[in-house]
Amino acid sequence: MILSLRVPLRWRTGRLGMTFVAFLSALTMAGTFPGLAEDAGEPPKAKSAAVPAAGEKKLMRAYYLGKKYEEPLPLSYAEEVIEDKGVQGARLALNDANQAGSFLGNRFELEEGIVPEDGDVVAQAKEALAAGHRFFLADLEPEDLLTVADLPEAKDAIFMNVRSSATKLRQEECRRNVFHIAPDYAQRADAIAQYMIWKKWPRWFLIRRDTGKDQDYAAQVKRAAGRFGGKVVEDHLYKLPPGARNLDSGHQQIQTQMAEETQRAPEHDIVWVVNSDDDFGDYLAYRTYSPRPVVGTQGLQALAWDPSYTEYGAMRFQNALPKLAKRQPVERDYLAWIAFRSLSDTLKNTGSVDPKEVKAYMLSDDFKLAAYKGQAMNFRTWDHQLRQPIILGGGTRVPVTTSPQEGFLHPKYVTDTLGFDKPESKCKFK
């Protein structure tokens, strides 16, 4: 039986009303009232496979393992420098899980171990493992993630990658104990490519820097062109330094540079920028030689989460994170929230905190995660990548669209048209 409750408007006002609404919200996120989740656009959850006995409480301990890497400063001095990306999403998920868990006999803890830029993340991981932690939210760059995951004592642990989009982590360097919440560059490139083909804009002028991340993303853009019928008319390496953006002369210099760099391009429909360091990509919009849309790491971006996204009950997250973090949510907050939710939902539905049983459930057909995307998410068995719709936005007041696009078909999961499908995968778990 599906129970659907409608709360009169007058009940929603005042302290008592807000408490009641919060109570219903917690039950909805926990899957206690699946009808409420359906009304919000969320799929009903799988029924509990093992409910703890009366009086018995299950404790799940998660560990947020991160490092303060050097990150690009905001392009504008007016933008806030955010130093707590990701961990705030994990804290919000912890609050949600304990609020729901109090009704279900479950309890959750989150310990944070974020080392400084010159710190030893491996030593931090070993300390956490020695303390009995087996569930990690890994906010790490690829080399650190692989080093930690390969520790002998981490063999039975689970690492949820909430940071890196590196393709190799899902392909040649995939690991049995790593699950990927962050979309990889292949998913991001395919999400934009599908929309470009749907719009009948198949000719792409690729302009990029030459960092490792940019090389990876650019390779996936070329792969997407081959998959969907696009064409990279030129792969152009941008070598000029950006102008002094805070001076009039700097704006004039940028205006000239962008026009000169794009004037030489063959005929194209869009400019696809790949600039992970965020030092020139935003300067392209409205400054190209020909009037062309800008997509990629700047302009129209492929994101797991966007500040403009409000569909399927997403305003709950958009409103809750600022109350906790005193700032607007960013993509990594959402990814960490999903990572923790994946673990807490598994405990709710299995009653187990054994890593082997948790992993088996997350890879089963029973795992269905509701996370404001309008469909249940789950993990690919062949590379442990989370299937999820990708939002195309980034700077727009409303999302432009969501991929997969209409007309791109798959025999089982349409989200498998984004990224590496099973026959394409090079993953051989280590």
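The values are calculated or read from the model by the stated rules, or taken from the named source; none is laboratory data. A quick note: this is a predicted structure, and the numbers were derived from the prediction, not measured. When we count neighbours, we look across all protein chains shown, and the Cβ atoms used for this are built from the backbone with ideal geometry, even at glycine. What goes into the accessible areas is simple: the full protein's heavy atoms, side chains included, and nothing from ligands, DNA or RNA. Shrake-Rupley method; radii C 1.70, N 1.55, O 1.52, S 1.80 Å.
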Check your understanding: Looking at PRO307, is it closer than 30 Å to ASN275 by Cβ and modelled with pLDDT of 95 or more?
Key -> no
Review point. Applying the selection to the range 174-203, what residues are open to solvent by 20 Å² or more (accessible area, probe 1.4 Å), closer than 21 Å to LYS426 by Cβ and out of contact with any helix residue (DSSP H, G or I) (no Cβ under 6 Å at 6 or more places or on another chain)?
Key: ARG176, ARG188
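Which residue, of LYS426, LYS412, LYS422, LYS430, is touching a Phe, Trp or Tyr at 6+ places or on another chain (Cβ under 7 Å), basic (Lys, Arg), farther than 28 Å from GLN318 by Cβ and not assigned by TED's automatic domain parsing to the domain that holds ALA93? Talk me through it step by step, then tell me what you get.
Working: LYS426 fails: touching a Phe, Trp or Tyr at 6+ places or on another chain (Cβ under 7 Å); LYS412 fails: touching a Phe, Trp or Tyr at 6+ places or on another chain (Cβ under 7 Å); LYS430 fails: touching a Phe, Trp or Tyr at 6+ places or on another chain (Cβ under 7 Å).
On inspection, the qualifying residue turns out to be LYS422.
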Check your understanding: From the residues in the range 328-366 that are assigned to a loop (DSSP other than H, G, I, E, B) and touching a helix residue (DSSP H, G or I) at 6+ places or on another chain (Cβ under 8 Å), which one is most open to solvent (accessible area, probe 1.4 Å)?
Key -> GLN328
Check your understanding: Got a sec? Which of ILE158, ILE82 is of a type in the set (Val, Ile, Thr) and either loosely packed, with under 14 Cβ neighbours inside 10 Å or under 27 Å from GLN215 (Cα atoms) (or both)?
Key -> ILE82
Study note, to complete from the structure: Filter the range 125-147 for residues that are more than 24 Å from the chain's Cα centre (by Cα) and surrounded by 14 or more Cβ atoms within 10 Å (Cβ to Cβ); the one that is farthest from ARG91 (Cα to Cα) is LYS126
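This table checks each residue for (1) assigned by TED's automatic domain parsing to the domain that holds LEU59; (2) closer than 29 Å to THR350 by Cα; (3) in a loop (DSSP other than H, G, I, E, B).
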| position | (1), (2), (3) |
| --- | --- |
| ASP118 | yes, no, yes |
| LYS126 | yes, yes, no |
| LEU129 | yes, yes, no |
| LYS168 | yes, no, no |
| GLU172 | yes, no, yes |
Practice item. Check whether at least one residue in the range 310-323 is charged (D, E, K, R) and farther than 28 Å from GLN187 by Cα, and report yes or no. Key: yes
Review point. So is ALA370 crowded, with 16+ Cβ neighbours inside 10 Å and under 25 Å from ILE82 (Cα atoms) or not?
Key: no
